[in-house]
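Right, one structure below, let's go through it.
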Amino acid sequence: MFMSRIRAALWAVCASFPFMLALASLPPASAQATWPQRAVRFIVPLGPGSGADIGARLFADRLATRWGKPVVVENRPGGDGIVAITAFISAHDDHTLLFSPASTFTAHPYLHDKLPYDQADLLPVARVSNTLVAIVAPASLKIGSLEELVALVRAQPGKLNWATATGVSDFLFTSFLKGANLDMSKVPYRDTVQPSTDVAEGRIQMYWGALAIVRPHVQAGKVKLLAFSNSVRAPDEPNVPTVKEAGFPALAFNGLAGLFGPRDMADDIRERIAADIRAVADDPTIGARLQSTGQLVSPGRAAEFAASIDEQRAVVTAIAKEMGIKPAQLSQ
């Protein structure tokens, strides 16, 4: 009886051996296969109506359908983008992503004495778009070019005001004014919508921000487009030069926008998100919608996005070195 039980047990083990081998040969389950498990949140460092906000909402709607989970866009403007960035980092969650222009933070080390976060915590996941970024003036100022704006500032030192939307444009224009020995007064804003209204009303004389924000005032005839900081002209504004074409290459930068994940996000999840971004971007209606809101579709994988950001950082770092500005230390 006892030997019969042993023989039965051995037979069971042997019979199951092929199954065990087959099971062992299966690839391990990936995080990609189970992500997302719940709602995904996009934190945007700019307010409603900004280029990044419009892009985030457009892609969130399509991605929610692909992922079978809600994708919620949460605006956290203010604090030069640091409010949104710290909220994103503090989440410690691969379902919470930062949807942001790279220019929001690439100049942070040179704009703040102490930096409350580590930029290594912003892991590039996917490039999404290139926001068209315009330098504008009130139509009432009756100037038609960047060259005329500079001449006006030189003729009226300290009397004209300016504002920008992101850290890089802020940094570039500050260094430009210093290098050209020009005196303008900076007006800080918490969001990107109010300065576009103020430039339309003539309360500030220069604003550098997303075309999406200023376009209604341009169409109303209250704001004049002087130039785009991008490397290409805006398809819908072909007569407006780039800053390089206008003779001011020091003001050039592209409005790279995309998704960032937490530092420890799994590579296969990043690849999944980037692939889904590209799939959405391949829809011609998405490109048309982005273009109508002042953006160019520009999907890219994590490595491509990271390389583009590094190029922007290199430009900022070179300017900081020329100006003798040392990078901030972490305050944590």
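Below, the figures for the structure above:
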item: Distant-in-sequence amide H partners of Lys224 (H built 1.01 Å from N, under 5 Å); result: Ala137, Ala139
item: Top positive-direction residue, dipole computed over region 133-251 with Cβ charges, set Ala246, Val187, Val223; result: Val187
item: Stokes-Einstein D for region 175-216, Kirkwood Rh over Cα pairs, 4 °C, 1.567 mPa s (µm²/s); result: 113 µm²/s
item: Selection from Thr34, Ser90, Ala155, by position along the positive dipole direction of the chain (Cβ); result: Thr34
item: Of Lys186/Lys224; Lys114/Lys159; Lys159/Lys244, those spanning more than 24 Å from alpha-carbon to alpha-carbon; result: Lys114/Lys159; Lys159/Lys244
item: Residue-wise HN-Hα coupling along region 164-178, computed from phi with Karplus coefficients 6.51, -1.76, 1.60 (Hz; x: Gly, Pro); result: 9, 9, 10, x, 5, 4, 4, 5, 5, 6, 4, 5, 5, 4, 5
item: Least to most buried among Arg263, Arg301, Arg215 (fewest other Cβ within 10 Å first); result: Arg263, Arg301, Arg215
item: Cut-off 12 Å between beta-carbons: net charge of the residues surrounding Phe42, Lys and Arg +1, Asp and Glu -1; result: 0
item: Amide H partners (placed H, <5 Å) of Val73, local residues excluded; result: Phe42
item: Among Val232, Ser298, Leu123 - extreme Cα towards positive end, dipole of the chain, charges at beta-carbon; result: Leu123
item: Angstrom value of the Kirkwood radius, inverse mean 1/r, which spans all Cα pairs in the chain; result: 21.6 Å
item: Anisotropy class of region 241-332 from Cα gyration tensor, a/c 1.5 cut; result: oblate
item: Test item: Cα-centred dipole of region 133-251, Lys/Arg +1 and Asp/Glu -1 on Cβ, debye; result: 160 debye
item: Karplus 3J(HN,Hα) series, Hz, for region 49-55 with 6.51 cos²θ - 1.76 cosθ + 1.60 (x for Gly, Pro); result: x, 6, x, 5, 5, 5, x
item: Per-residue ³J(HN,Hα) for region 306-318, Karplus 6.51 cos²θ - 1.76 cosθ + 1.60, θ = phi - 60°, Hz, x for Gly and Pro; result: 4, 5, 5, 5, 4, 5, 5, 4, 4, 5, 4, 4, 5
item: Dipole magnitude of the chain about its Cα centre (Cβ charges: Lys, Arg +1; Asp, Glu -1), debye to nearest 20; result: 360 debye
item: Anisotropy class of region 127-176 from Cα gyration tensor, a/c 1.5 cut; result: prolate
item: Segments 156-166, 34-44 sorted - mean Cβ within 10 Å per residue, highest first; result: 156-166, 34-44
item: For Thr192, distant residues with modelled amide H under 5 Å away; result: Gly47
item: Eligible lysines near Lys222 by straight Cα distance, threshold 16 Å, same-chain separation 8 or greater; result: Lys142
item: Scaled radius of gyration (Cα, divided by 2.2 N^0.38 Å) that region 274-321 gives; result: 1.48
item: Region 133-251 pair-distance distribution - Cα-Cα, 10 Å bins, rounded %; result: 15, 52, 32, 1
item: Helix-only mean residue ellipticity at 222 nm for the chain, each DSSP H run of n ≥ 4 adding -39500 (n - 2.57), per residue, nearest 500; result: -13500 deg cm²/dmol
item: Distance between region 296-332 and region 74-122 - C-alpha centres, whole angstrom; result: 14 Å
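Coordinate-derived values only; no laboratory data. All of these numbers come straight from a predicted model, not from anything done at the bench. FYI the Cβ positions are ideal-geometry reconstructions off the backbone, even for glycines, and counts take in every protein chain you see.
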